[in-house]
Amino acid sequence: MDKNEAREIAKANLAKLSEMQRATMMQQITRAVATLPAWQEASSVALTLSQDVELPTQLLIQTALLQGKKVYLPKVAPQRQLEFIQIDESTKYERHRFGMLEPIGEPLGDVATLDFILVPGLAFSAAGDRLGFGGGYYDRWLPKTTGAKIAVMIPDNYVTTPNWEIEKTDQQVDEVIVLPPV
């Protein structure tokens, strides 16, 4: 199946999650990620502020800040690039033209200093293949990083073998955490 078709199926699976399921998953995500050795050893983490159908990350962001980690969130930059901005409790946000909330601040200069990266996606394979949202932002950004690349996904969007075409520019993650059904 082509990527656009796979994206529509994956989005539909995520969209059918209820608010109660999302609340449960937010806790599951935080517990699963916070117990990883890569997370525990990390002093700087790149996370995402979940939007629309994405799995909820707000509690994980709060946990990272409470643990004293440097937390960075993405901001869309010119030429389809990503920048990561350090946040804290006083960070201000603005809405991007695509509707996403993005932090206001100075971008991190050297993303290779990030110890842990929570990589967003619509679906993942057992080998770490990622089906993104279609803009290629993370596929261009991830090669610049050296930290642990971790993803979290629901069972319906986790496959043994990708059912979408893999391109040479597609970036993989190091590990995929599959959440238990809720």
Only residues in the range 40-56 that are under 22 Å from Thr24 (Cα atoms) count as the first member; pair them with residues that are hydroxyl-bearing (Ser, Thr, Tyr), Cβ under 9 angstrom, at least 6 apart or cross-chain, and list the lot. Leu47/Thr57; Leu47/Tyr72; Thr48/Thr57; Leu49/Thr57; Leu49/Tyr93; Ser50/Thr57; Glu54/Thr48; Pro56/Ser50
Pairs, please: C-beta under 7 Å, at least 6 apart or cross-chain, first residue closer than 26 Å to Leu59 by Cα and in the range 76-91, second small (Gly, Ala, Ser) and outside any strand (DSSP E or B)? Ile85/Gly105; Gln86/Gly105; Thr91/Gly105
Scanning the range 66-78 residue by residue, those crowded, with 17+ Cβ neighbours inside 10 Å and over 18 Å from Leu142 (Cα atoms) turn out to be Lys69, Lys70
Where in the range 44-115 are the strands (runs of 3 or more DSSP E), entirely inside, with at least 1 residues that are closer than 24 Å to Arg7 by Cβ and touching a helix residue (DSSP H, G or I) at 6+ places or on another chain (Cβ under 8 Å)? 44-46, 70-77, 81-87
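Answer yes or no: is there a residue in the range 147-161 that is assigned to a strand (DSSP E or B) and more than 22 Å from Ala64 (Cα to Cα).
yes
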What are the residues in the range 162-182 that are assigned to a loop (DSSP other than H, G, I, E, B), under 19 Å from Leu55 (Cα atoms) and of a type in the set (A, V, I, L, M), if any? Val173, Leu179, Val182
Subset of the range 122-137 (residues that are surrounded by fewer than 23 Cβ atoms within 10 Å (Cβ to Cβ) and either under 10 Å from the mean Cα position of the chain (by Cα) or without any contact (Cβ under 8 Å) to a residue 40 or more places away in the chain (or both)): Gly132
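Laboratory data are not the source of any read-out in this text; all were calculated from the coordinates shown. In this text, all values refer to a predicted model and were calculated from it rather than measured experimentally. Note that we place each Cβ from the backbone using ideal geometry, even for glycine, and neighbour counts take in every protein chain shown.
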